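The values are calculated or read from the model by the stated rules, or taken from the named source; none is laboratory data. Note that this is a predicted model, so its numbers are computed, not measured. Because the Cβ atoms are built from the backbone with ideal geometry, glycine has one as well, and the counts that use them run over all protein chains shown. Keep in mind that these areas ignore ligands, DNA and RNA; they rest on the heavy atoms of the full protein, side chains included. Shrake-Rupley method; radii C 1.70, N 1.55, O 1.52, S 1.80 Å.
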Amino acid sequence: MSVESSRHTDDTTITENRIRKLLNRLGLTAALIVVISSLTVAASFYLLQAKPLADDDALSRQREATRQVSKEIDGLTQSIERVLLTTQNWSREAMLGLDDTQAFNRLLIPVLKQHPLISNIYLARSDGQMIILFRTNDGWKNYTTNVEEEGIRQNWSSWRDSYTKTGEDWKTREYDPRTRPWYKGVMEVPENQVNWTEPYIFASNPNPGITASVRWIDKASGLDYVMSVDVLLTNISQFTSRLSFGKHGQVAVFTTDGRILGLPKDKRFIDDDYFKSSILKAPDQINLHTLDTAWKLAKGREGTFSIPAAITPTDEEWHAVLQRLKLRNQTFWLATLAPHRDFDIISDDLMAVFFGIVLCNAILAMLAVQGITRAARRPISKIFIEIEESRRHIEILFEQAEADEQN
């Protein structure tokens with residue numbers, strides 16, 4: 001075989017091998033195209049459809065949580081104020097007063113039974129007299145003060161019901177109703193206007209609460225009268241601690257100085273003592289670190305914001321909303337927050353399914369192309385064999401022609 005013939009044979013072999021390699025690469029290329037196309041479609045769907053839907057879902061749930069809390073607080077406010085103004089009217093019409101404890105109880109024990117939100121109800125006067133009624137585990141209790149005549153001595157009585165007294169005693173304690181927040185606050189507003197205190201610790205039972213009061217001036221004596229009702233903050237926290245915002249979110253109500261008025265949902269608050277002791281604490285004092293981060297990041301600003309993953313205890317980004325809540329003359333803050341993953345339409349399970357489908361499609365594409373290439377290799381090889389045979393036949397013809405010419 002001549003050198004030129006050998007060179008042509010080598011070139012044919014190289015070309016055939018290149019075509020075969022190209023066919024082999026088609027499988028990987030097809031699989032890569034499937035993967036890239038799928039990821040492009042998925043990314044477009046997420047950015048243009050899923051993410052906006054997730055953001056709308058988060059906003060919708062936040063509005064619902066806000067609506068529920070606002071509705072609960074508004075209902076509480078109206079219910080308490082109806083009781084307060086009704087009992088004020090009874091006092092003005094001399095149906096209850098400071099001098100007859102039993103008559104006071106007969107009217108007001110049924111009221112407290114019908115309104116479990118109210119823990120205490122009391123009537124005070126500007127000369128330092130006061131009568132208070134509050135519920136106990138086994139019945140009811142009163143105590144009365146008369147600062148000008150009795151000083152620090154107070155009369156305490158226990159009742160099983162409106163008619164049955166079970167005990168009476170005199171106690172000594174520094175207490176003047178005119179120095180209490182509910183009394184001083186209502187004296188600064190016009191007559192017959194309901195005034196709400198900031199949250200504080202009750203004197204009758206050391207629990208956090210808020211008090212609604214109304215005052216009026218007795219025309220006969222010229223003295224100021226004040227009717228007040230106490231609401232335990234445990235009632236508000238029991239409501240907020242049942243609310244959900246997302247799967248792992250929290251709904252909480254803050255005072256303006258950053259203490260928790262309404263506790264969020266947390267398994268630790270199942271313990272009743274811990275639940276009560278946590279009210280009016282700053283969130284970092286009771287290990288609500290994400291809530292504490294949200295409050296400090298907001299800096300009293302109302303609106304929607306994100307908490308970066310780098311500064312959250314869970315190392316994930318959180319969605320948070322802070323909004324003002326009005327309770328007549330008092331302002332509180334409603335905080336709703338949850339990790340962004342709670343609102344992602346594309347969940348971990350869905351992502352696993354998606355990538356599984358992409359992988360299966362890529363494998364199928366590779367197998368399909370490999371099948372095509374295997375089917376194409378035989379005719380391609382046959383073509384190159386025929387080309388080589390034709391080339392050799394032509395060479396033989398040329399060689400014969402040259403030999404004839406020489407002869």
- Rounded to the nearest 10 Å², the accessible area of Ile363 using a 1.4 Å probe with every protein chain kept is 80 Å²
- Item | Dimensions (Å) - segment 85-136, Cα atoms, principal axes, largest first | 30, 21, 20
- Message: Whole angstrom only: what separates the Cα centroid of segment 282-329 from the Cα centroid of segment 202-237?
- Response: 32 Å
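If R0 is 25 Å, what FRET efficiency do you get for Asn137 and Arg242 from their C-beta distance, rounded to 0.05?
Values: r = 24 Å, r/R0 = 0.97.
Approximately 0.55, to the nearest 0.05.
With a 1.4 Å probe and every protein chain kept in, tell me what percent of the accessible surface of segment 87-151 is carbon plus sulfur. Provide the component values of the computation, followed by the final result.
On the way: 1120 of 2810 Å².
Within segment 87-151, the accessible surface is 40 percent carbon and sulfur.
Quick one: pull the percent of accessible area on segment 199-306 belonging to carbon and sulfur, 1.4 Å probe, ligands and nucleic acids left out.
Values: 2280 of 4640 Å².
For segment 199-306, the apolar C and S fraction of the accessible surface comes to 49 percent.
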- Check: in segment 158-284 the Lys pairs 8 or more apart or on separate chains whose Cα atoms fall under 25 Å apart number 11
- Query: With every protein chain kept in the model, how would you rank Asp266, Asp315, Asp169 by accessible area, 1.4 Å probe, largest at the top?
  - Reply: Asp315, Asp169, Asp266
- Query: At Gln400 and Gln78, where each label point lies 7 Å from the Cα along Cα→Cβ, what is the point-to-point distance in nanometres?
  - Reply: 11.3 nm
- Item | For segment 169-325, average projected area of the Cα convex hull in nm² | 12.5 nm²
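Skip the ligands, DNA and RNA, and give the accessible area per residue of segment 227-352 with a 1.4 Å probe, whole Å².
On the way: 5780 Å² over 126 residues.
Averaged over the residues of segment 227-352, the accessible area is 46 Å².
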- Potential extension, Lys265-Ile217 segment - 0.36 nm per residue separation minus Cα distance: 12.8 nm
- Query: How much accessible surface area, in Å² rounded to 10, belongs to the heavy atoms of His319 with a 1.4 Å probe?
  - Reply: 30 Å²
